[in-house]
Every structure is written in C-alpha cells, then in structure tokens.
Amino acid sequence: MALYKPVVVQTCPRLGERITQDTVYWEGYKAPIQIKEFGAVNKIDFSPVPPRNYAVTASSRIHIYGRYSHEPIKTFSRFKDAAYCGTYRDDGNLLVAGSDEGIIRLFDISGKAPLRQFDGHTKPVHVAGFLSDKYRIFSGGDDYSSKLWDIPSGTEIVSYREHTDYVRCGCASKVNADVFVTGSYDHTVKLFDARTKSSIITIEHGQPVESVLLFPSGGLLVSAGGRYVKVWDVLKGGQLLVSLKNHHKTVTCLCLNSSGQRLLSGSLDRHVKIYSTTSYKVVHSFSYAAPILSLALSPEDETIVVGMTNGVLNIKHRKPEEGKEKSQKKRQPAYRTYMRGKTYMPKQEDFSVSKPVRRALRKYDKLLKSFDSSKALDAVLEPSIRLHTPEVTVAVMQELHRRGTLRSALAGRDEKQINLLLTFVARRVIEPRFTSILVTVADIITDIYQPVLGQSAIVDRQFLRLQEAIGKEIDYQGELLEVLGMMDTLFASFAEKKVTSLEETRSNSPTEIIETDE
Amino acid sequence: MMVAPAALRVVRCGGGTIHGVRAVFSADSKYLLCASGDFVKMYSVATEETLRLMGGHADLVTGIQLNPRNHMQLYSSSLDGNIKLWDFMDGIPIKTFSVGSKLLALYALASSEDSVFVVIPKSGERDTFQLVSVKLTKTAGQDVEAKDLSVVLDGVGASPKHIAFGREGQYVASVKEANLQVYFFKQKQLNRFSVNTTKTKNRNSQFTCIACHPTEDCIATGHADGKIRLWRNFYHKKEYTFSTLHWHHDIVMDLAYSVEGTSLLSGGVESVLVLWHNESDCRKDFLPRLGSPIEYISMSSDGSLCCTLHKDNRITIINSNLRFSKSIQGLIKSIDVKTGLVVDPRTKALVLNGEPGHLQFYSLQSDQQLFSLDIVQRQYIHQAGLKQADLVKVAFSARGKWLATVEEREEATDPELQLKLWFYDEETQSFKLNTRVNTPHEDHITDMCFRDMGELEDDSPILVTAGRDCVFKVWVIVEDTDPEAQQSVSWSCDFVGSYHNYQATNCCFSEDGSLLAVSFEEIVTVWDSVTWELKCTFCHPPGKIRSICFGRLTCSKYLIGATDHGFLCCWNLLTCALEWSAHLNVLVLQPDPLSEHIAAVSWLSKESSLFVFKPNEPRPVYIQRNLCKEKILLAAFVPRDEPEMTGSEKYLWLRSSQLFFLTDTQELLTLSARSLEERLTPSSKQLAIEESLPVTPFSLLLGKHRHQQSQEDTDLGKLVVHNKHEQDSPAVKELLHTPAHVLPSASFLCPIFINSLLISKENKSAEEVADEVEMESEKTDDDSDEEGDATEMEQEDATPMELLGEMTCKLSKSQERELRKLRKMDYSWISAF
C-alpha cells in the first residue's frame, strides 16, 4: 500500500543571482549609517584592540569613532593641510599619519599633540605605517622615495629612492619585522627588506598602483591599480597568481576579512566586490552612492566602513543573530520532560526501532486526497498562497485538470470568487511557466460564465483586463518573432557552418503563441 | 527447419494474465493457492515465496477449491476439461477426472458428498453456460472418466464470480446481466429476480459479482454502477427485499463475506478495499491505494487473513483488521509497456513499466520484483478515461550510473513531457533525481540512448533524445564550478540536430561511441559524436525506418536497419554502401551486447519467428519459426552470469546472453534448452515443509545446515568419532569449566587449545595403521625398487576420505608423505626407453 503523494509543485530555478551562503552572510548587515566628513575619506583604519574604534582620515583631520557612536570620540587636527593614511600600531596605542606638507606625525591615542614629527620627505606623504616590531615606521612620499624611521630617536634609518613616480600605497609584513612593500604610480610594487640597501622584489603591475595588501601569511601579495586586482606569489619571487578584472573603474582600496577567506576591493565605479580567496571568483558585491576611496572591515566582520569621494562615511553594522534571541525569549519546558530517553545510550544488543515520520499534508493536499476539488481550489486561492506562491495555485489547478475535475471546481462561484480567479489569471497568464494551464483555466471560465456576462460590472471589467493582458502578450510575442527573424537573417549571412547554432537559437527562444477566442 | 535433438524450446517465465480465479487459503492459513495460467501455485503466506508449482493441465486453470473432506487436497479445473485432485503439500497429482467439455468454474461443497459443481458451455449453443454437478467416482487409478453430469442451473454466467452457494449449500445463486436466480436444492425451487434496468435509465446496473452470507439467508450482489445490493427474503418470489450500499464509483469487481458474516468486503477499479460493517451504509472502513484494480477477494477459513488479486497480477495479503500485510508480486502487468525491455547493467534485472508511473525492476532468477522506482511521483487516480502521466522511455548508461526516463501525458493540444535524469547513489543504493527537464522536445520523444563507452565511460556520458518535432538533442553533463552549490553536476542540452525537417524516429550509438546514427523517417543519418557533423546518410526506400542498430565487435563496421515495408538492410560504414538486404517484416531488432549476434523477430502470417544473424553474413545463424502465436513486441538480451556450455554449435549465440521476449499479452518468454521445471532452483524445491513449523529463512538455513551435517556424518563417520573424542579432552574441559576470572591470558591458552584439537600420532586408529600395512604389501612393480613407504597415486586417491576431512594437520601430513614419496621416487627407469 502506497502513501498518498502530495501535489508536485514545479519550481523553476531562479534566474539571475543565486542565493549562496555568501549572499546570506554579506546581506546580514543593518541599514547603513551615513556620516558627512569634511573631505574625501582617504583612509579608514580599525584599532587592532577592543573597543574597536576606527580612525578616519579625511581632509586635514583624523577622527576616531567608537564602535556605535556616530560622533567622533577624538579628533587630531594638527595638520596644516590634508592628512593622509592615519594608521594604528598593533597595540592600538599609537597612530601615525602622513600629510601634505611632507611631515609624518606620530600621535598617542590618549594625547592630542604629536609625540614625534618625522621630517625628511620633500613632498606630500601619502603612505605611513608601522613595521611589525612596533619601533619603526615606513613611509612613502610624492618625492618618489620610501623611508624607514626609528620611533625612539625620531631619525631616519634608511631611504630608498627606487620608485620613479609617486609612492601612494604601502603595507608592512606581519611575519617579518623588516619587510614592507610600497606601490607607486610608476606601475611597480617593490618589496623592501630593512636590512638591505635596495628592494628585493619588483613587481610590474601594469597600471598605477593604488593599493597593496599582504596576506597575513606573508606569502601572497595583492595589488590594485587601474581596473585590475592582481594577486602575486611572493615566495616564488613575485609570480602572478591571478589577475581579476571585475571593476570597470580604477580600484582604489583593498581589504581582507577577518578569516582571510574573502578579499574585498572598492573602486571608483561605486562598487565593493567580495572575492573568495580560494577560487578568486566574485561571491558578492555591494554598491554605494559615490566612488569609493577607502574601505575597512572590523575584526569579526562586525562593521563595514566605506569612505567615498564626496566625504560621506558609510557604516554598516552586522545584524545580531536572530535565532538565539528568540529561543531565549521562549519559556523552555521542563528540561526533564523533553530530555527523557534522549541521553539513553543504546547497548549493543538493543534493536532500535525508528518511529515512522508522519508527513504533514498541506491543506490543499488533504482536500485533494478526499477528492474535494472545489475546496482545494478555494484553499489555494487564499491570499497567502495566491500572492506569495502562485506556483502552488497553478500546480493545484494543473492537478485538478489532470484529474478531469477542473471544470466542476471552477463552476458555481459567486461574483467575488470569479473576480478573484480572473484577477489571478489575468496577472499570471503571461508568465511562461504558467501559461499552458492558465490558458485552459481562462478558456473554461469563459465557457462557464459566458451566460452571466453583463450582469456584474466587476466581472466584466476583469474579463476586459484579461483580454487586454492577452492582447499585449500577443503583440509582444509578435515583436519577439520579428527580432528572431532579424537574428536569423544575421546568422544566415555568416559562414555556412553556423547552421547549427541558428537552430539552437530557434529552439531555445520562446515561441509559444497564446491563442484566445475572446 | 530441422530441429536438433536438444532443441531450444520456448519457455514461459512470467507475466501474462495469470490470475483467473479467486485464491484459496489452506486450512491453517499458512499457504495460499492461486491459479496461474496453466499452473497452480502455492505461496507461503509468511515468506511470500513460491513453494510449489503444480503443472499438469493443458490449458488455463479456471477453478481451484480445497477438498471439503480433506483439507490437504485440492481440486482444480481447467479449460482442457479435466478436474485434478492434488496433494498440494507434496505437489503430487492424485487423480484426474476427465469431464470432456470446457470447464469454466469449479465449486466444491461440504454438503454434497462426492460431487463437485462446474460450469460448462451448453452443448449446441454459443455463449450459454450451465452449472452442472459432476459425480466423482471413487474408482482406483489415476485417470478416471467423470461423465455423470446433472444440470443444476441453466443460463449462468461464465465467470466464477457469478455463482455463489448459500448457507451450508442449501441454495445456489447465480447472476447474469440483469437477472438473479436462486435455486433451492431441497425444495427444488427456482426463484428469478431482476433489477429493472429501464427504471434506473442506464444499463449499468447489471450484476457483476455475487456473494452469499455464510450463516444467514442473505445475498450480496455487486453491480456495474458501483452499487452493492443485499437481497433478503428471496424465498418469496414477490415479497423479496433488498437494500443498497453505494460507495464505489465504478464496477464492483468482487465481494466477499467475512467468516462470521458480520462484515462484507468489496473492491473495484478504485483499488480501494472497502469493509462494510453490519451491512450498513454508514459504517465502513477503507484500505486505499492498493496499487491497481482489485479483481478477486478471498478470505481465509479462520478469518484472520484476506487476499486480493489485482489486475496487474499482484497478490496482496491483508490482515483481518484491514492492515496491509504482504504483497506477492512477480512481473507486474502494466497497462502498456512503452518503455521497452531494458536490462539494468547493475542488477541484470529486466526494467520496464510497472505500476502506473513506476519503473519495475524484475529479477529473472527469482521471478520477483526487486523494487519499484517511482518516476512520475504523482498520485495515480484509478478512474477510467483519465489521461495521466506515464513513463514512456527508459535508458541506462553503460554501468548503470545514470538512468534517463521520459514521462508524458497525452493531451489534445500538446503533450506534457518531462525528461528526468537519475543518479545512482551508492550510499542509499537507489536512484536519486538529478535533473528534470520540462518539455525537452515539443512533441513526443521517439527514442533515447546513452553513449555507451564501455570501459572509458562515466566521466562524460552523453544522452541523445530523438523527437517527433524533427530534431534530435544531445544532452551532456555540465559541472557547476561553484564549490558551495548543492549539486555539482547537472544535465543540459548541448546540440540540436535536424535533417530536412523529417521526424527523428530512432537513435543509436556505435559500440565505441564515435558515431551516432539517427533515423529520420526513411533516411538514416550518421553523425560524428565529437564535432556533431553529418557524416553520411543511408536510405532504402520505400518504407520508414523502424529500428536501427550498429554491429558489435568484429562487425562494428556494419549498420543494420529494419523498415516497415519489410526489409532488413545492412550497410557497410566503410564503403557507405548497402552490404545486403533481406525481405523480412522485422518487428524487433535486438543486438546482443556481448557478441556479434543480432536477433530479429518477425511477424508473418499470425506467428512470430526468430532469426539470429551476424551482420557480416546475410545467412542467419539460427532460425526458429513459429516462436509463439502472440505478437512479440519487445526483446532483450540478458547477460548470463557465467557462459553456458551448450554442446551444439548452433546455439553458440546463446552462450553469453539469454534472449527474453515480451508478447502483446505481456507474457515473458525465453528460449532455453532446459524446461521450466529445471529452471526452478534447487533451493526453492528444498522449501518442502517437513513439519508444520512456520517456514522462515532462518529455519530454512538451519534445515540446510542440518541436512549438510547429516550428509557429512554419513560420509565421514570416522572423523565424527574423532571429533566427539576430542570434546572431552582435558585441555578443552579445563578451558570450559574454569571460571573466567582465574583463566590466564588468551594468548597463553591459544596454543594449548589448538594443540588439544590436533590428532596426535598415538591416537591414530588401528584400522588406519592396518591400511598402511596393506598398501605396503600392494606395491606394484613400477616402484618395487623403492622402500616400502612409497605408495601408488591411485591408492592415494582410493582413500579420499582422509583427505576430505577438514583436519589441517592431517592434510599436511599426507602432503608431507607425498612429498617424501616423490623425493624418493626414482625415475631412472625412464632412461631405459
């Protein structure tokens, strides 16, 4: 004896973006908060230690924001002109920033006046950062030089003049305290070792380099410039691993997520793209209102902060996990009631008998099981089903048609129900996946209710709407056929070998023509 | 056609319409007896196995009844005019009574001493039947004439369901069309009643079946309009009464009263068993979805079980509380076998349409259904005239990893088509749906095949479907590159090919998979399977191509095609020319997957003939005319597990595979040199029941073991004595009687235990020693110059019992002795020659 088989609801694979775990993860942020800064935001840096404050460098100031405060907690404004690249040290106590006047300033987070000023660059300094031993600072300036500074003495240790254009980005290795990289507008990325007099690796990016990033392992280097994001294997002496071209304007900033599994890139095309670092495919992307200059992700991916050219700072906080809170709110039943027998460990000689799982049937299935055709149709015309899952409604209509009881299910309905039915049909009949059955339904309705036509204004209006919808669809199909004809001509004018592809096109295109006798 | 002494014969191995009569339970409800074609089958209720196959009738068995005076005996009647009495526990025919005319039904009553009732056609008139009682004389001898007939009722229905005997055989009731007649034996009174067909305005109130209450005077009749009428007071011609029960929407196929008569069972096309309590319309229970229309219902004599026979040859056993208990199913008869006969490469089972919307896997060895795969996955409504989706095409990839199915629903405007691809999941050991394609073609799919790559297969299988919409489509696996996707592979269309807007009718891949042949009405096109370029075309007008296939192995350069104008053509693919053609109306063209042979079944002058040929020679290897009277629609070669050794050269083509046919009555035939009796495996014969213990697999196992043991006992009596001796050796005793906690470690005990099992030299029986002495004395001349230890090989063989014993030590000893002997043997005498 077989079980009752529920109605098969045909689901079509959704076209366009597929919902993956990544989509779910990256969509899990609250609505963004916008803060207006004084100028273009050129750097955002999160403090490596809690509370996760972040330093935002814009115009001639550096603002420190708290995690949830939307007012700056602290401001460093001792800059005569624009400040650049406010970066935290690993312990979160010190902050370094370059400036337009060529001076690098070192601040204590708790103080206001700079602790040190490093003078040496003759042109604006766009890059400044700490090496991982915490006692040295590297910097790069528009005077084409990269320098290393000693914090305690405040003196320059070494100066590299290898770039032939502005140095605009840099990054220190986390595993080796002597290694840092700088990227320049001369299209190269150079890797320096503080112990040597010259660069050890030079990588040709091909475009002016806007941002560089070293992976935490130190083995991979990411450079961004022009429309390209390129990943290089440092350990192989700077071999190109992969070149990504997913933006259609210059990529300005790069960032890794906390796990190192995803790479984020922001671009002047107003998009942030998220790549998987295993497959280097785009797994998600965000779009923003203005070209993006800077981007930062807090540890644990709690917050995404994006700075744009119009000076707007866009902050998104992650939504709290919902499931947990709900279950806590609910009053739990007595622990023992539900744990009875759960902890029993079966002995070896025990024979386990699994309880048959009772499948709960949907309401329409129950009605179909008992051959209540009309009621089953009523059940799927409930607003919740009709509006949100029209495929269920159509599947039940199909099933009724298959059973030969569609006509009797549609018959004997009052004005309100006919109105409902016709509204549904008129709206959905043009959807290709529903067309075949809904045309039948429309035919039957017309047949049944032809005699009462003209008695109710509402029903008459619905009939007219249906006619209009079908007429529109026929026009549309006609146009499509015209286009197809044009394409056929085009294909035919190509080489003769293309015969097969032409046939493929023909078979894949929608050619169903809806006929109606209204 | 000359037939060799060991001629092949056509053996029926399943299917057909097998149940023509109600089943009978044995008195203890442990066995179920069913008429099945020309045979009577006995099933075990507990294990569902066929225990006995009682053959002897020359035509359909039309009635079976237990002997009322001996419950171990069974009467059976057949269209061949004989009544046979069987001892069904042993499967022995006791007596054969020949009546002379066709017997259409059989009834046996406890009250009528030595006679049974049969329905026979009335002599001289067509389509009129009469119920007669036959006196079964108690004369000695196997074959007895039973010509002592006395007519009881005239003008009865031919079906066994149309007659029923009332309370303790006091009356007999019979229905035919719209008339009911009741005959009282004692009063010799005949009452006639009829349902007024004009009043109900339709002719559908005709009688279809009848059942009598076991204790009361009440008759239940089933009608074609789904009503059940309960008749009472039918002693009176006028004042009779009847009440009506109505649930069935279509014909009531059968009725049965429970043993006490408190409830009535009815069944019909809806395949729902209805239990009516106390003959009232309001209290009824249902057992729905039994799979297919119910044909017959029978109750066991103790009332604990009920059995329904279904239209698709299934037997369902149901508990008294209306719970489904068991189902006995062989080859399920489907409405129409559209899928063809396909062999599952994994299980070697035949695969074809089963229940509506299901695919049945039928095991040829055990004559049982292995499993039924639900393809359509929709509720089947048992209602006449309803067009529902059913399976039309099935194809397996070479290793059985992929299964492709096509289902369609006929509709006036456009057929609803679905192509489904199933993946064999090793973990769950079943097929899992991988891809579903809605409307793969715009019209019916005519053929479908996988590219059969043999060893190289399964990395990139290719599926080709040919449709009536004038195209064939090539489907390939596409891999989803996204590592987080749920499914890593799915199928999609890769290429669409057509030829001059002709309908594609057949498709077939060559053995190495490099070529695809697609027939378009009258033309066969050959395509390269890599570039999908059209290579060449073949045509043999007039007539459309009915089927095509490539030659195999040494004949792989040939392409065979059969046209519907009765031509069989063989084209050479190298020269692109017709090699030979033969005038033959070929219905089925089936290549053997393991050899070059191709079987063609033709339909000529109302009989099917079989031709087996190799494509490289136009003369057939084997011809069998008059294979059977039915039209053969399908055939399949099933690979044998091990090649059969046939003596005759003529049957070489049967060595690696066996050929099966399916006729239009869905009967499965095969060609075999052995008869069906031999084909039944010895294990099933062993199922004889010595005691009336319930037969369980375990008891069978035990029985077999016991049997073997007793055989060993007789063979190796000597050794058994030894064994018994060992059991009370001190070491074993110690081991078994010492408490576990004081025993030393197992590794310490092991050598002692093993040693105790060895047979020590001193223990050798005196008998054996004597044997050896004898051997010594029997030295032959050949090795007379050797020392006495050497014995002749033949003598070694003469005492195989020693070797047969499982004692390893002994074996090694004898081997040792042999070795020693060989070493010492001197072959110097050879040099003398």
Inset, instruction - Output the residues belonging to segment A:417-459 that are among the acidic types (Asp, Glu) and outside any helix (DSSP H, G or I). - result: A:431
Legend entry - Residue pairs meeting the criteria (Cβ under 6 Å; at least 6 apart or on separate chains; first within 13 Å of chain A (Cβ to nearest Cβ) and under 25 Å from residue A:401 (Cα atoms), in segment B:359-388; second among the hydroxyl-bearing types (Ser, Thr, Tyr) and part of a strand (DSSP E or B)): B:375/B:405
Legend entry - Any pair with Cβ under 8 angstrom, 6 or more apart, that starts in segment A:12-23 at a residue that is facing chain B (nearest Cβ under 8 Å) and ends at one that is loosely packed, with under 10 Cβ neighbours inside 10 Å and modelled with pLDDT under 65: none
Inset, instruction - Run residue A:439 past the list (1) more than 14 Å from chain B (Cβ to nearest Cβ); (2) in contact (Cβ under 8 Å) with a residue 60 or more places away in the chain and report the number of the one that doesn't hold. - result: (1)
Inset, instruction - Could you give me the residue pairs with C-beta distances under 6 Å whose first residue belongs to segment B:619-646 and is acidic (Asp, Glu), whose second residue is assigned to a strand (DSSP E or B) and surrounded by 19 or more Cβ atoms within 10 Å (Cβ to Cβ) wherever it lies, and which are 6+ apart or on separate chains? - result: B:630/B:663
Legend entry - Filtered residues of segment B:35-79 (kept if of a type in the set (Gly, Ala, Ser) and in a loop (DSSP other than H, G, I, E, B)): B:37, B:46, B:56, B:58
Legend entry - Qualifying positions in segment B:309-327 - within 14 Å of chain A (Cβ to nearest Cβ) and touching a strand residue (DSSP E or B) at 6+ places or on another chain (Cβ under 7 Å): B:310, B:314, B:315, B:316, B:317, B:318, B:319, B:322, B:324, B:325, B:326, B:327
Inset, instruction - Determine if segment A:92-104 includes at least one residue that is within 14 Å of chain B (Cβ to nearest Cβ) and either under 30 Å from the mean Cα position of the chain (by Cα) or in contact (Cβ under 8 Å) with a residue 24 or more places away in the chain (or both). - result: no
Inset, instruction - Looking at (1) surrounded by fewer than 18 Cβ atoms within 10 Å (Cβ to Cβ); (2) within 22 Å of residue B:643 (Cα to Cα), find the lone condition where residue B:592 falls short. - result: (1)
Legend entry - Residue satisfying condition, being small (Gly, Ala, Ser), over 15 Å from residue B:81 (Cβ atoms) and part of a loop (DSSP other than H, G, I, E, B), within set B:164, B:110, B:173: B:110
Legend entry - Condition met for residue B:466 (crowded, with 16+ Cβ neighbours inside 10 Å and at pLDDT below 90): no
Inset, instruction - Select from segment A:459-476 the residues that are touching a Leu at 6+ places or on another chain (Cβ under 9 Å) and in contact (Cβ under 8 Å) with a residue 40 or more places away in the chain and list them in ascending order. - result: A:459, A:462, A:463, A:465, A:466
Legend entry - Output for segment B:252-290, where each listed residue is under 19 Å from residue B:173 (Cβ atoms) and either within 14 Å of another protein chain (Cβ to nearest Cβ) or hydroxyl-bearing (Ser, Thr, Tyr) (or both): B:257, B:258, B:266
Inset, instruction - Please list, ordered by first then second residue, the pairs with beta carbon atoms under 7 Å, 6 or more apart or interchain, first in segment B:59-88 and within 18 Å of residue B:148 (Cα to Cα), second surrounded by fewer than 22 Cβ atoms within 10 Å (Cβ to Cβ) and of a type in the set (Ser, Thr, Tyr). - result: B:81/B:98; B:81/B:101; B:82/B:96; B:82/B:98; B:84/B:96
Inset, instruction - Could you check, for segment B:373-392, whether at least one of its residues is at pLDDT 90 or above, buried (at least 20 other Cβ atoms within 10 Å of the Cβ), farther than 27 Å from residue B:521 by Cβ and not aliphatic (A, V, I, L, M)? - result: no
Inset, instruction - Tell me, yes or no, whether segment B:237-246 has at least one residue that is among the polar types (S, T, N, Q) and in contact with a Leu (Cβ under 6 Å, 6 or more places away or on another chain). - result: yes
Inset, instruction - Name the single residue, out of those in segment A:210-262 being over 23 Å from residue A:48 (Cβ atoms) and of a type in the set (Lys, Arg), that is surrounded by the most Cβ atoms within 10 Å (Cβ to Cβ). - result: A:230
Legend entry - Extreme residue, farthest from residue A:153 (Cα to Cα), among residues of segment A:72-91 that are among the aliphatic types (A, V, I, L, M) and within 32 Å of the chain's Cα centre (by Cα): A:73
Legend entry - Residues within segment B:123-135 that are modelled with pLDDT under 85 and either of a type in the set (S, T, N, Q) or surrounded by 12 or more Cβ atoms within 10 Å (Cβ to Cβ) (or both), tallied: 1
Legend entry - Flag for residue B:161 being touching a strand residue (DSSP E or B) at 6+ places or on another chain (Cβ under 7 Å), more than 27 Å from residue B:213 (Cβ to Cβ) and at pLDDT 85 or above: no
Legend entry - Lone qualifier among A:41, A:8 - being among the β-branched types (Val, Ile, Thr) and away from chain B (no Cβ under 14 Å): A:41
Legend entry - Residues of segment B:526-581 that turn out to be of a type in the set (Val, Ile, Thr) and either touching a Leu at 6+ places or on another chain (Cβ under 6 Å) or under 19 Å from residue B:601 (Cβ atoms) (or both), as a count: 5
Inset, instruction - Using the structure shown, decide if residue B:98 is within 19 Å of residue B:162 (Cβ to Cβ) and touching a residue at least 24 places away in the same chain (Cβ under 8 Å). - result: no
Legend entry - Complete set of residues in segment B:333-356 that are of a type in the set (A, V, I, L, M, F, W, C) and either within 15 Å of residue B:14 (Cα to Cα) or surrounded by fewer than 20 Cβ atoms within 10 Å (Cβ to Cβ) (or both): B:335, B:337, B:341, B:342, B:349, B:350, B:351, B:352
Inset, instruction - Only residues in segment A:369-384 that are within 12 Å of chain B (Cβ to nearest Cβ) count as the first member; pair them with residues that are part of a loop (DSSP other than H, G, I, E, B) and of a type outside the set (S, T, N, Q), Cβ under 8 angstrom, at least 6 apart or cross-chain, and list the lot. - result: A:369/A:4; A:369/A:361
Legend entry - Total residues in segment A:397-415, condition out of contact with any helix residue (DSSP H, G or I) (no Cβ under 7 Å at 6 or more places or on another chain), in a loop (DSSP other than H, G, I, E, B) and within 10 Å of another protein chain (Cβ to nearest Cβ): 1
Inset, instruction - Identify all residues within segment A:65-93 that are outside any loop (DSSP other than H, G, I, E, B) and surrounded by fewer than 20 Cβ atoms within 10 Å (Cβ to Cβ); write none if there are none. - result: A:72, A:73, A:74, A:75
Inset, instruction - Give just the number: which of (1) closer than 17 Å to residue B:666 by Cα; (2) within 14 Å of chain A (Cβ to nearest Cβ) does residue B:331 not satisfy? - result: (2)
Legend entry - Unique residue being modelled with pLDDT of 90 or more and more than 16 Å from residue B:160 (Cα to Cα) when the list is B:74, B:8, B:53, B:66: B:74
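The values are calculated or read from the model by the stated rules, or taken from the named source; none is laboratory data. Source: prediction; values computed, not measured. Neighbour counts run over all protein chains shown; Cβ positions are idealised from the backbone, glycine included.
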